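*Asks:* Before we start, here is the structure in question, set down as structure tokens.
The values are calculated or read from the model by the stated rules, or taken from the named source; none is laboratory data. Predicted, not measured: the structure shown is a model, and the values here were computed from it. We place every Cβ from the backbone using ideal geometry, glycine too, and count neighbours over all the protein chains shown. Areas reflect the complete protein model, heavy atoms only, side chains present, ligands, DNA and RNA absent. Shrake-Rupley method; radii C 1.70, N 1.55, O 1.52, S 1.80 Å.
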Amino acid sequence: MPGANAEKCVVCDTPLLRHIASNDYLSNERFEVYFCPSCGLGRTLPLVAPEELGKYYAAGYYKKRKSGADNHINNGRLRRVTKRSSGTKRVLDIGCGNGGLVEKFSDAGWDAQGVEMAPPEHFVSDDVQKKIFIGDVRTAPYEPHSFDVITLFHVLEHLPEPRSYLEKAHELLTNNGLLVIEVPNVASLQARMIRGKWFNLDVPRHVFHFTPRSLTTILQQSGFTIEHMAHYSRIYSLFGFLQSLLNLVTRRNNILFDFLNGKVTLKNYAAQNIHLSDLILTALFCPPAFAIALPLTFLESLFKRGGIIIVYTRPRS
């Protein structure tokens, strides 16, 4: 039986229970994830002070890249948001990363803005940088009801006070505006199978770990009504399962992920705390892990237990 914890769930105020431990794959520091027995929300403890967060983002974490994967992901996001939006097209991408999605929206004729707290050097272009507010969206100089669409793609799980950001989004949206949120699903089959080595646990960068129930509840508490919830992301769901399976056979997590995004190369792997044996194991086990991950990703999504949750929601009238 997991031990009790004094912390309470930020969604339903239920005392949290200690459930799993996980090591940060960059610093190798150990963190605990406590779960709410009522809504399933997970919380990473101990909390990292804002001034100490920098050490958990290795050099090169932010990339000024336009990879094929990034392009594919952003094209899909643009397509899905466009399908569900109507009227004028004013969009705000909160936690916009390198600004790639802001650029996609702009090229498609949207009035696109972004918010990002990371350094500006990684933005994809100078033109995109002019459209991005660097800082916290809660202090950004936007007028109420000034956006038709607000997006948070893999952002909400990083925020220490998620409800305050949802309330700010509610304030900035038009009356029939669209809020799109994508987060990892800690109630997924892959999360339950892999536990502390699940790719999308990503402690301590992920402060909260959402389930469909906890995400629905906190959105309702913040004044939103769920329009649609999806349980599958074409790249993130499958890759999350694949990388999680590979994490089970290596000492250092997320080697394939860092190799694909350019953080790890054949020249610098030792400096990235990776043993040669782990590099070889990643290469050897990648094909069989993919063969296992592919059908399991399909099944978990079919039964609404997919590794990613995508929610389309609007302000409650």
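*Asks:* Within the range 120-136, track down each residue that is open to solvent by 70 Å² or more (accessible area, probe 1.4 Å) and either more than 16 Å from ASP107 (Cα to Cα) or aromatic (Phe, Trp, Tyr) (or both).
*Replies:* The answer is GLU121, ILE134.
*Asks:* Restricting attention to the range 105-118, report how many residues are surrounded by fewer than 22 Cβ atoms within 10 Å (Cβ to Cβ) and modelled with pLDDT of 90 or more.
*Replies:* Final tally of qualifying residues: 6.
*Asks:* For THR225, only one of the following conditions fails: (1) within 30 Å of SER27 (Cα to Cα); (2) in contact (Cβ under 8 Å) with a residue 24 or more places away in the chain; (3) surrounded by fewer than 20 Cβ atoms within 10 Å (Cβ to Cβ). What is its number?
*Replies:* (1)
*Asks:* Report, ordered by the first and then the second residue, all pairs with beta carbons closer than 8 Å, sequence separation of six or more or different chains, a first member in the range 107-129 that is over 18 Å from HIS154 (Cβ atoms) and polar (S, T, N, Q), and a second member that is in a loop (DSSP other than H, G, I, E, B) and open to solvent by less than 50 Å² (accessible area, probe 1.4 Å).
*Replies:* Pairs that qualify, where the first residue is over 18 Å from HIS154 (Cβ atoms) and polar (S, T, N, Q) and the partner is in a loop (DSSP other than H, G, I, E, B) and open to solvent by less than 50 Å² (accessible area, probe 1.4 Å), are GLN113/TYR142; SER125/GLY99; GLN129/GLY99; GLN129/PHE123.
*Asks:* Tell me, please, whether a residue that is within 22 Å of GLU182 (Cβ to Cβ), assigned to a loop (DSSP other than H, G, I, E, B) and among the aliphatic types (A, V, I, L, M) can be found in the range 225-245.
*Replies:* Yes; the residues of the range 225-245 include at least one that is within 22 Å of GLU182 (Cβ to Cβ), assigned to a loop (DSSP other than H, G, I, E, B) and among the aliphatic types (A, V, I, L, M).
*Asks:* Against the condition open to solvent by 20 Å² or more (accessible area, probe 1.4 Å) and touching a His at 6+ places or on another chain (Cβ under 9 Å), how does ARG252 come out, does it pass?
*Replies:* no
*Asks:* Inspect all residues belonging to the range 234-246 and state whether any of them is open to solvent by less than 10 Å² (accessible area, probe 1.4 Å) and either more than 21 Å from ILE292 (Cβ to Cβ) or in contact with a strand residue (DSSP E or B) (Cβ under 6 Å, 6 or more places away or on another chain) (or both).
*Replies:* Scanning the range 234-246, I find at least one residue that is open to solvent by less than 10 Å² (accessible area, probe 1.4 Å) and either more than 21 Å from ILE292 (Cβ to Cβ) or in contact with a strand residue (DSSP E or B) (Cβ under 6 Å, 6 or more places away or on another chain) (or both), so the answer is yes.
*Asks:* Could you give me the residue pairs with C-beta distances under 6 Å whose first residue belongs to the range 39-58 and is touching a residue at least 40 places away in the same chain (Cβ under 8 Å) and open to solvent by less than 30 Å² (accessible area, probe 1.4 Å), whose second residue is assigned to a helix (DSSP H, G or I) and of a type in the set (Lys, Arg) wherever it lies, and which are 6+ apart or on separate chains?
*Replies:* Close Cβ pairs satisfying both conditions: CYS39/ARG213; GLY40/ARG213.
*Asks:* While we're here: Out of the range 303-314, which residues are under 11 Å from GLY177 (Cα atoms) and either open to solvent by less than 20 Å² (accessible area, probe 1.4 Å) or not in a strand (DSSP E or B) (or both)?
*Replies:* Within the range 303-314, TYR312, THR313 qualify.
*Asks:* Please go through the range 260-270 and pick out each residue that is at pLDDT 90 or above and either open to solvent by 60 Å² or more (accessible area, probe 1.4 Å) or on the phi > 0 side of the Ramachandran plot (or both).
*Replies:* LEU266, LYS267, ALA270 - these are the residues of the range 260-270 that are at pLDDT 90 or above and either open to solvent by 60 Å² or more (accessible area, probe 1.4 Å) or on the phi > 0 side of the Ramachandran plot (or both).
*Asks:* List the residue pairs whose Cβ atoms are under 9 Å apart, where the first residue sits in the range 236-247 and is in contact (Cβ under 8 Å) with a residue 12 or more places away in the chain, the second is of a type in the set (Asp, Glu) and part of a helix (DSSP H, G or I), and the two are 6 or more positions apart or on different chains.
*Replies:* Pairs that qualify, where the first residue is in contact (Cβ under 8 Å) with a residue 12 or more places away in the chain and the partner is of a type in the set (Asp, Glu) and part of a helix (DSSP H, G or I), are SER237/GLU300; PHE241/GLU300.
*Asks:* Residue by residue through the range 170-206, note down the ones that are open to solvent by 20 Å² or more (accessible area, probe 1.4 Å), within 13 Å of the chain's Cα centre (by Cα) and not charged (D, E, K, R).
*Replies:* The answer is PHE199, and nothing else.
*Asks:* Within the range 36-47, track down each residue that is under 17 Å from ALA191 (Cα atoms) and over 18 Å from the mean Cα position of the chain (by Cα).
*Replies:* CYS36, PRO37, CYS39
*Asks:* Another question, then. Please indicate, with yes or no, whether at least one residue in the range 90-102 is within 20 Å of TYR236 (Cβ to Cβ), among the charged types (D, E, K, R), surrounded by 15 or more Cβ atoms within 10 Å (Cβ to Cβ) and at pLDDT below 90.
*Replies:* No; the residues of the range 90-102 include none that is within 20 Å of TYR236 (Cβ to Cβ), among the charged types (D, E, K, R), surrounded by 15 or more Cβ atoms within 10 Å (Cβ to Cβ) and at pLDDT below 90.
*Asks:* Would a scan of the range 13-33 turn up a residue that is within 20 Å of the chain's Cα centre (by Cα) and farther than 23 Å from ARG252 by Cβ?
*Replies:* Within the range 13-33 (the criterion being within 20 Å of the chain's Cα centre (by Cα) and farther than 23 Å from ARG252 by Cβ), the answer is no, since none of the residues qualifies.
*Asks:* Then there's this: Exactly one of these conditions fails for SER164: (1) open to solvent by 20 Å² or more (accessible area, probe 1.4 Å); (2) out of contact with any strand residue (DSSP E or B) (no Cβ under 9 Å at 6 or more places or on another chain); (3) in contact (Cβ under 8 Å) with a residue 40 or more places away in the chain. Give me its number.
*Replies:* All conditions are met except number (3).
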